[in-house]
Every structure is written in C-alpha cells, then in structure tokens.
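Trainee: Questions regarding the structure given below will be posed in turn.
The values are calculated or read from the model by the stated rules, or taken from the named source; none is laboratory data. What you see is a predicted model; the values in this text were computed from it and never measured. Note that we place each Cβ from the backbone using ideal geometry, even for glycine, and neighbour counts take in every protein chain shown.
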C-alpha cells in the first residue's frame, strides 16, 4: 500500500523540505510540522532503500502533547513513529547490518513505550 507521499513521488513530485528541528522545540505546531516533514522525507524514499529519519521531532511532539493533556494525540504521534520504525527495521540494509539501528535507539524506544502509557492516561481521564 502506497502512502500519500509515495503516491506523490510516483507522480513526479520529489521536493522534500526539512526544517531545523531544534528551532521552537517547545512549540507544538512546529514539532507537528517537523513530524510531517520527517514522514514525508521517509516515505518518499524507494522501498527497500529507505534511510531512517531522526525520532527527535516525534518525541518532542509526544512530550508536548502529554503536557497539554492530549493523550489521544500523543498516542497518534507515537504510532506514526512506530509505523516508520516498523518499516525501517524491515529494510534489507538494516537486516544485513549495513545501516544504523535508529529504531532500536533510546529515543525510539522511549517513544514506543509512551504508547501504552498514553493509552492508560487516556482511559483514566475519561
């Protein structure tokens, strides 16, 4: 199944813009924009040759969403990272040990652990 970004790439759109992730790190709109840009940069890459994007934006967005009390939003942003991490670990270069294991790094693992905690917080808040 192609993502919208993959579909755009197949139609000839190859422009990807990545912003400075450290700028406005406490601004939720900026962090969500960075997440969207990172997803676009990831999914536009050819299947079986995708390089991972940094998880920083996703973690910051998740932190800011939790501070705001938006546990459903926190779950969604973490699940978006999980989709990238799950796809990345299936890339041949990762499986053959020829690429970094970003999906196993501490920041990635912290994001993935947040999913269950956000579910609990959401349940308790209702």
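Trainee: If the requirement is being modelled with pLDDT of 95 or more, under 14 Å from residue 112 (Cα atoms) and more than 12 Å from the chain's Cα centre (by Cα), which of these qualifies: 44, 63, 77?
Mentor: Result: 63 is the single residue among 44, 63, 77 that is modelled with pLDDT of 95 or more, under 14 Å from residue 112 (Cα atoms) and more than 12 Å from the chain's Cα centre (by Cα).
Trainee: Among residues belonging to the range 82-106 that are touching a residue at least 40 places away in the same chain (Cβ under 8 Å) and loosely packed, with under 14 Cβ neighbours inside 10 Å, point out the one that is farthest from residue 54 (Cα to Cα).
Mentor: Residue satisfying both the conditions and the ranking: 92.
Trainee: Continuing with this model, one more query. Picking from 74, 39, 79, which residue would you name as being surrounded by 21 or more Cβ atoms within 10 Å (Cβ to Cβ) and either on the phi > 0 side of the Ramachandran plot or part of a helix (DSSP H, G or I) (or both)?
Mentor: Exactly one of 74, 39, 79 is surrounded by 21 or more Cβ atoms within 10 Å (Cβ to Cβ) and either on the phi > 0 side of the Ramachandran plot or part of a helix (DSSP H, G or I) (or both), namely 74.
Trainee: Within the range 119-126, does at least one residue satisfy the condition of being part of a loop (DSSP other than H, G, I, E, B), more than 21 Å from residue 37 (Cα to Cα) and over 16 Å from the mean Cα position of the chain (by Cα)?
Mentor: yes
Trainee: Report yes if residue 99 is under 25 Å from residue 45 (Cβ atoms) and not in a helix (DSSP H, G or I), otherwise no.
Mentor: yes
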